[in-house]
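Single-structure report; data block below.
Where a number appears in this text, it was derived from the coordinates with a stated rule and is not lab data. Everything quoted here is computed from the prediction, not taken from an experiment. Heads up, the Cβs are rebuilt from the backbone with ideal geometry, glycines too, and the neighbour counts pull from every protein chain shown.
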Amino acid sequence: VTNKPGWLSVRVVEGLGWSERCAVLVAGDTLPVKKPDPAPLLHACTQLEIDAGQCVYVGDDA
């Protein structure tokens, strides 16, 4: 889950070789709202078919 636009997020993930490690990518333009709104994180949980209560979010404060 990132606030970066989708086109850039895909390039970063692919460039770092993370494509096979990322089951889902929620970018800043995936939904009408961005972090810190919880919707992108909850959307990722839905895409992964896991309960949000089973997740831990670790982010930076940038």
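So the values come out like this:
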item: Angle in degrees between helix 6-15 and the longest Cα principal axis of the chain, rounded to the nearest 10; result: 70 degrees
item: Relative contact order, percent, segment 6-54 [alpha-carbon distance under 8 Å, six or more residues apart]; result: 29 percent
item: Point-to-point label distance, Asp51-Cys22, nm (Cα→Cβ direction, 7 Å offset); result: 2.8 nm
item: Computed helical MRE - 222 nm, the chain, DSSP H runs ≥ 4 contributing -39500 (n - 2.57), nearest 500; result: -9500 deg cm²/dmol
item: For the chain, projected area of the alpha-carbon convex hull averaged over all directions, nm²; result: 4.4 nm²
item: Helix axis angle, 39-48 relative to the chain longest principal axis, alpha carbon, degrees; result: 80 degrees
